[in-house]
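To keep things clear, I will list the structure first and then write my remarks on it.
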Amino acid sequence: MNIMIKELENLQQAEGDLISVTGKVKAMENELQDKTKVDRGLLNSWFIEVQRTKEEAEKFRKRRDTTVEYDKQVRLAVQEIEQLRIALRKAEEHARHQSYEAPPELIDLLKRTYHIEEAAFETKRKLAENAMLTAKEQMIKISKMQKGFFGAVRIAHTGCMDNIGELINAAKERLAEIHDEYEEREKRWNRIASLLDREDLVSTTTDSANRSKQISPESINLIILSAGGLRQQFALEENIQMSVYGAEFLKHIRDHLSILDEDPVPISFHHNVYLLCGSEQSVKLFEENHKTQTSLGAKSKLLTASMLKEKFPWLNTDGIAIGCYGIQNEGWLDPWALLNAFRQKALSLGVLYLNAELVGFDKSKRVWADGTIENQLDKALVS
């Protein structure tokens, strides 16, 4: 009996263990099913992503193929255009050789017309150049007259400088007109020669090709034709300081511009003075300017009307209340000689000069802090 009870207990315990194991197995089956569902969901999402990637790759391949095909078409089009250009040039060359040929009588008449115009043009050019030479000769005479004080005064009162200025301006205007006429004439006759395919119709010698530059009015620099003045009677401090420095520089020009202890090019500096006169309304301004000038080293003296009359008896002092008279460091010089002295000194120091023609300037834009835009000179263009 006890044995049966014990076996029954063991059986009950075994049944309990079986139920427990069965529950665990069921739980594991449920967990496995849930995991399988998750894995299937991941697999499905991965599959969808792979499909999408394949579709994008296919689209990219199609676009690439389209681009390659387009490039081929462009290259073919470029080749066709180049072939058309070659054919067009051949056609133009053929048409040029097959074009109308002017009769010899017409060519002869055009040549004679060209040479008649050329002779008339040369006459005008020589007259204009002679006028400029005359103005230069007068300028040389005036430069010689400036050596003395009374000569300078005589020049100022006779208006010689004004007459020279008028002569030079008139000569420049004539040269400008001839320059424009030359440009128009050359273009017109070159066009005629091109239309008739007769290059021998127009003379193209070296002298003719360079004549435009020779007669250009821009080549005439009035700065080097006139006398260079040096005075210190200014109102602006910077101008006074530059003039004082310039006077000292000219006094010691041998120290600055001599080459191997040789004297520099003589600049023909003539020590003379400037006399500025003013009315009663200008007295205060003259006094203020004189004070500024003397404080910066300028040598000048104020003169009343009576003092002016005493010093310059020939001067009409009507309406003059004050005058400022330069005592020293004022006068005239030859600017062309000074320019050459600077140039020779620069050459001795190793500076290289380019023999070229200035054809223009390049400008660059600069933006300031306030937003304003300013065009500034960037570089000079030469040819």
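The values are calculated or read from the model by the stated rules, or taken from the named source; none is laboratory data. Model, not experiment: these values are computed from the prediction. Cβ sites come from the backbone with ideal geometry, for glycine too, and all protein chains shown count toward neighbours.
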### Task
Hey, could you check the range 287-323 for residues that are among the charged types (D, E, K, R) and within 42 Å of the chain's Cα centre (by Cα) and say which is surrounded by the most Cβ atoms within 10 Å (Cβ to Cβ)?
LYS299
### Query
Of the residues that sit in the range 324-383 and are among the hydroxyl-bearing types (Ser, Thr, Tyr) and modelled with pLDDT under 80, which one is surrounded by the most Cβ atoms within 10 Å (Cβ to Cβ)?
SER364
### Query
Say we look at the range 343-375 and pick out the residues that are under 22 Å from the mean Cα position of the chain (by Cα) and not in a strand (DSSP E or B); which of these is farthest from PRO266 (Cα to Cα)?
THR372
### Task
With respect to PRO266, determine if the residue is at pLDDT below 85, of a type outside the set (A, V, I, L, M, F, W, C) and buried (at least 16 other Cβ atoms within 10 Å of the Cβ).
no
### Task
Count, please, the residues in the range 207-256 that happen to be more than 28 Å from LEU175 (Cα to Cα) and either aliphatic (A, V, I, L, M) or modelled with pLDDT under 80 (or both).
9
